[in-house]
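The values are calculated or read from the model by the stated rules, or taken from the named source; none is laboratory data. The structure displayed is predicted, hence computed values, not measured ones. Note: ideal-geometry Cβ built from the backbone for every residue, glycine included; neighbour counts use all protein chains shown.
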Amino acid sequence: MSAFWDDYPAFVHRTNVPLKQEFGRLASQLHWGKKQKRVQWLRCAQEEFNHQFGCDEKSLAGWQAMCALVEVHEIPDSVAECKRLLKDNIWVNIFDLLDAQRMGKLAKRHDSARALGKYCRDTRRIFPKHEAKANPFLRVLLVEVF
């Protein structure tokens, strides 16, 4: 469980439901307003991602875990190959990746960066670019959305 949830010990966190759904339940219980929800949602998503994959870009285990979640059949045995594969050939929504990990499923892949961008716009599941650039794992998943 990520550190975010530790800040709310009275909240019974369910790790097997989509992140946004669980966050919404917490926000509702705490009666957060729109601004508070926006700030806490970003923090929640960042901490959840860091918990699931880490933020040490030299961690082969983190890169391989991401490859496995997006259904890479031959998982590379080097960080450089994992990064190259994810950057050049895999288009997946960051929030879908988090939910897949939480729910024990594979993340939905898209056919192209353009298709992923359209999906992100249509579903409004857009991870903030500035925050994504700060994490090497997230950075390789970025595509132009607008």
Report task. Determine whether region 91-100 contains at least one residue that is among the β-branched types (Val, Ile, Thr), in contact (Cβ under 8 Å) with a residue 40 or more places away in the chain and surrounded by 14 or more Cβ atoms within 10 Å (Cβ to Cβ). Result -> yes
Query raised in the report: Considering only residues of region 64-78 that are under 19 Å from MET103 (Cα atoms) and hydrophobic (A, V, I, L, M, F, W, C), which is surrounded by the fewest Cβ atoms within 10 Å (Cβ to Cβ)?
Result: ALA68
Requested in this report: May I ask you to say which residue of ARG38, ARG14 is in a helix (DSSP H, G or I) and surrounded by fewer than 16 Cβ atoms within 10 Å (Cβ to Cβ)?
Outcome: ARG38
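So that you can scan it fast, the table gives a plain yes or no per residue for (1) at pLDDT 95 or above; (2) of a type in the set (Ser, Thr, Tyr); (3) within 30 Å of ARG84 (Cβ to Cβ):
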{"site": "GLN40", "(1), (2), (3)": "yes, no, no"}
{"site": "ARG43", "(1), (2), (3)": "no, no, no"}
{"site": "GLY54", "(1), (2), (3)": "no, no, yes"}
{"site": "TRP63", "(1), (2), (3)": "no, no, yes"}
Requested in this report: State yes or no: is GLU81 over 14 Å from VAL140 (Cα atoms), surrounded by fewer than 20 Cβ atoms within 10 Å (Cβ to Cβ), without any contact (Cβ under 8 Å) to a residue 60 or more places away in the chain and among the acidic types (Asp, Glu)?
Outcome: no
Query raised in the report: For the subset of region 134-146 comprising residues that are surrounded by fewer than 19 Cβ atoms within 10 Å (Cβ to Cβ) and assigned to a loop (DSSP other than H, G, I, E, B), which member is modelled with the lowest pLDDT?
Result: PHE146
Query - Selected residue [under 23 Å from ALA3 (Cβ atoms), out of contact with any Cys (no Cβ under 7 Å at 6 or more places or on another chain) and assigned to a loop (DSSP other than H, G, I, E, B)] from GLU74, GLU57, GLU131 - result: GLU57
Requested in this report: Tell me, yes or no, whether region 100-109 has at least one residue that is closer than 15 Å to ARG125 by Cα and either touching a Cys at 6+ places or on another chain (Cβ under 9 Å) or in a helix (DSSP H, G or I) (or both).
Outcome: yes
**Report entry** Scope region 107-128; condition among the aliphatic types (A, V, I, L, M) and exposed (fewer than 15 other Cβ atoms within 10 Å of the Cβ); matching residues
**Finding:** ALA113, ALA115
Query raised in the report: Can you name the condition, by its number, that PHE53 falls short on among (1) surrounded by fewer than 18 Cβ atoms within 10 Å (Cβ to Cβ); (2) of a type outside the set (D, E, K, R); (3) under 12 Å from the mean Cα position of the chain (by Cα); (4) within 16 Å of PRO136 (Cβ to Cβ)?
Result: (1)
**Report entry** Members of region 1-11 that are within 21 Å of ILE94 (Cβ to Cβ) and either surrounded by 13 or more Cβ atoms within 10 Å (Cβ to Cβ) or charged (D, E, K, R) (or both)
**Finding:** SER2, PHE4, TRP5
Requested in this report: Pairs only if they're at least six apart or on different chains, beta carbon under 8 angstrom, first in region 101-119 and basic (Lys, Arg), second surrounded by fewer than 18 Cβ atoms within 10 Å (Cβ to Cβ); list them, first residue then second.
Outcome: ARG102/THR15; ARG102/ASN16; ARG102/VAL17; ARG102/PRO18; ARG109/GLU71
